[in-house]
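Note sheet for the following structure.
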2 protein chains.
Amino acid sequence: MMQQRISVLTLGADDLPAMKKFYEESFGWKPVAENQDIIFYQMNGFLFSLGKRKALADFIGVPPEGSGFRSVTIGYNVATEAEVNTLYEQLKAKGVKILKPPTAPPFGGLFFYFEDIEGNILEVAYSTFIPLDKDGNALGHQPIDHL
Amino acid sequence: MMQQRISVLTLGADDLPAMKKFYEESFGWKPVAENQDIIFYQMNGFLFSLGKRKALADFIGVPPEGSGFRSVTIGYNVATEAEVNTLYEQLKAKGVKILKPPTAPPFGGLFFYFEDIEGNILEVAYSTFIPLDKDGNALGHQPIDHL
């Protein structure tokens, strides 16, 4: 049995210095440890890491090739619609590639999707279903079985 | 500027009931909210979600096709080598596809990689570089610039 937690979320990077620059300049993130092969960022209870894509695949023992939708999204929730719009304007001004501009779904809230420079998909959202604590941790989810 | 945190990590699922079964039966995880389209699990400070892959891609506005290495890994760290070996035996006994059996890297620790039933890559690791608090949160990372 495994606890409901993760420790490290790793993205493979074709161009590690460029991906480091993207995450640090677009988001303002600062690494907690790094070398020429891998960079770690302290997140809320886990580490986000960027590692060289081919080395990561070799380490695991899988072919490094891949294309198209990666079937993964990373969501960053905020407490208000205004914050969604502010981040949208800030990221757009930095040249970040927007996939879907701020959209209000029928069940409430506001979100937009964007990409990093190597095609990983991220989302900024205000969700009426997901409470955030004072530190921004997502704690629980309202029932959705009626939707 | 964005805080160093995420709120929701979403995996697209071609067969949502089968993926739900995999995560709940292999790991013992229990959902906090769900419907026929999406399932949420409370993690350490964020939510892990499984959503229908095609619907997720349509929602974002990207083509749903994708193949090969997704360039993402999800790591679950434990506090001892013995726990790595125990989880390896437990997951293998459940028929989980192992990509790399427990391996001790030159810089210490022990890890193995495996896949879920739709090719998302996960890792179980004991790392001498990543301290875990009493709840299993990953807090910081030892310097690696000498490696």
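The values are calculated or read from the model by the stated rules, or taken from the named source; none is laboratory data. None of these values were measured; they are calculated from a predicted model. In this analysis, Cβ positions are derived from the backbone assuming ideal geometry, glycine residues included, and neighbour counts consider all displayed protein chains. Side chains included, ligands, DNA and RNA excluded: accessible areas come from the protein's heavy atoms. Shrake-Rupley method; radii C 1.70, N 1.55, O 1.52, S 1.80 Å.
Take the stretch A:18-65 and flag every residue that is crowded, with 17+ Cβ neighbours inside 10 Å and at positive phi.
Answer for the stretch A:18-65, where residues must be crowded, with 17+ Cβ neighbours inside 10 Å and at positive phi: just A:Gly45.
Would you say B:Val124 is within 9 Å of chain A (Cβ to nearest Cβ), in contact with a helix residue (DSSP H, G or I) (Cβ under 7 Å, 6 or more places away or on another chain) and either closer than 27 Å to B:Gln42 by Cα or free of Cβ contacts under 8 Å to residues at least 40 places away in the same chain (or both)?
Values: within 9 Å of chain A (Cβ to nearest Cβ): yes; in contact with a helix residue (DSSP H, G or I) (Cβ under 7 Å, 6 or more places away or on another chain): yes; either closer than 27 Å to B:Gln42 by Cα or free of Cβ contacts under 8 Å to residues at least 40 places away in the same chain (or both): yes.
Yes; evaluated as a whole, the condition is true for this residue.
Exactly one condition in (1) open to solvent by 20 Å² or more (accessible area, probe 1.4 Å); (2) touching a residue at least 12 places away in the same chain (Cβ under 8 Å); (3) not aromatic (Phe, Trp, Tyr) is not met by A:Ala93; state its number.
Answer for A:Ala93: the failing condition is (2).
Give me the residue from the stretch A:56-105 that is among the polar types (S, T, N, Q) and in a helix (DSSP H, G or I) and, out of that set, nearest to B:Ala55 (Cα to Cα). If you could, list the steps in order and put the result at the bottom.
Of the residues in the stretch A:56-105, the ones among the polar types (S, T, N, Q) are A:67, A:71, A:73, A:77, A:80, A:85-86, A:90, A:103.
Those left that are additionally in a helix (DSSP H, G or I): A:85-86, A:90.
On the way: A:Asn85: 24, A:Thr86: 27, A:Gln90: 28 Å.
Filtering the stretch A:56-105 for residues that are among the polar types (S, T, N, Q) and in a helix (DSSP H, G or I), the one nearest to B:Ala55 (Cα to Cα) comes out as A:Asn85.
Only one of these conditions is not met by A:Leu47: (1) out of contact with any Ser or Thr (no Cβ under 8 Å at 6 or more places or on another chain); (2) within 7 Å of chain B (Cβ to nearest Cβ); (3) aliphatic (A, V, I, L, M). Which number is it?
Against the list (1) out of contact with any Ser or Thr (no Cβ under 8 Å at 6 or more places or on another chain); (2) within 7 Å of chain B (Cβ to nearest Cβ); (3) aliphatic (A, V, I, L, M), A:Leu47 comes up short only on (1).
Tell me, please, whether a residue that is touching a Leu at 6+ places or on another chain (Cβ under 6 Å) and among the charged types (D, E, K, R) can be found in the stretch B:84-103. Even if it seems obvious, please write down each step before you answer.
Narrowing the stretch B:84-103 to residues touching a Leu at 6+ places or on another chain (Cβ under 6 Å): B:84, B:102.
In the following step, the residues that additionally are among the charged types (D, E, K, R) were identified as none.
Scanning the stretch B:84-103, I find no residue that is touching a Leu at 6+ places or on another chain (Cβ under 6 Å) and among the charged types (D, E, K, R), so the answer is no.
Of the residues A:Ala57, A:Ala82, only one is away from every other protein chain (no Cβ under 11 Å) and either of a type in the set (Ser, Thr, Tyr) or without any contact (Cβ under 8 Å) to a residue 60 or more places away in the chain (or both); which?
Answer to the check: A:Ala82.
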